[in-house]
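Notes for the one structure printed next.
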Amino acid sequence: LVTAAMAAGTAEDSVRIQVGQRVSVEEGALEIEFVAVTADSRCPKGENCFWEGDAIVVLAVRSGDRPATRLELHTSAKGPSAVAYLDWAIRLATLEPYPVTGRTILPADYVAILVVGRISEDAIEAYSAPGYPRAAAAILIAELDGMEAEVAATAAEVETVAKKNGAL
């Protein structure tokens, strides 16, 4: 959904960030810190590998006075390369440098290219057409799991709490 929403018209910025560096997006509305690369098993240039390999980029993101949230982005399909944080979409476009046999990559050498943009209601609606109310200040989505009777009872509890608090 994040990638599709971004492709469907979200305003995006490309951000180049080094390990240990912090960047601000939209005049500080979002702050991103590149914490570390915790693993890098990407197949070195010129080698023939039996596996795709993966690198894991760790970011700390925050908006406003909220505490930082740790995010992990992957260079391969072994994990997410894009995530949603609040109303932001953050995607790892690439991680440099690419491994070369016989060369050690120092932690400070890593540079992540991120694509960052706000997720718009229009993009989400165009992609999945969930029919959410457009004028709502917030939308609560509750996922319930269990046996049919248990789910029905929990759904009734959620509805009762929502009505009691003026949300329905």
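With the requirement that a residue be surrounded by 15 or more Cβ atoms within 10 Å (Cβ to Cβ) and either outside any loop (DSSP other than H, G, I, E, B) or at pLDDT below 95 (or both), what does the range 103-120 give you?
V111, A112, L114, V115, V116, G117, R118, I119, S120
Which residues, taken from the range 23-49, are outside any loop (DSSP other than H, G, I, E, B), touching a residue at least 40 places away in the same chain (Cβ under 8 Å) and open to solvent by 70 Å² or more (accessible area, probe 1.4 Å)?
K45, the sole residue that qualifies.
Give me the residue from the range 50-69 that is assigned to a loop (DSSP other than H, G, I, E, B) and either touching a strand residue (DSSP E or B) at 6+ places or on another chain (Cβ under 8 Å) or open to solvent by less than 50 Å² (accessible area, probe 1.4 Å) (or both) and, out of that set, nearest to D109 (Cα to Cα). In this case the residue turns out to be D54.
For the range 76-93, which positions are open to solvent by 60 Å² or more (accessible area, probe 1.4 Å) and not aliphatic (A, V, I, L, M)? Residues satisfying the conditions are K78, P80, D87, R91.
The single condition from (1) at pLDDT below 90; (2) surrounded by 11 or more Cβ atoms within 10 Å (Cβ to Cβ) that P99 fails is (1). Under the condition of being part of a helix (DSSP H, G or I) and surrounded by 10 or more Cβ atoms within 10 Å (Cβ to Cβ), the residues counted in the range 138-154 number 5.
The values are calculated or read from the model by the stated rules, or taken from the named source; none is laboratory data. Since the structure is predicted, the reported quantities are computational estimates derived from the model, not experimental observations. Every residue, glycine as well, gets a Cβ built from its backbone with ideal geometry; the counts of neighbours run over all protein chains shown. For the accessible areas, the whole protein counts, side chains as well, though only heavy atoms, and no ligand, DNA or RNA atoms are used. Shrake-Rupley method; radii C 1.70, N 1.55, O 1.52, S 1.80 Å.
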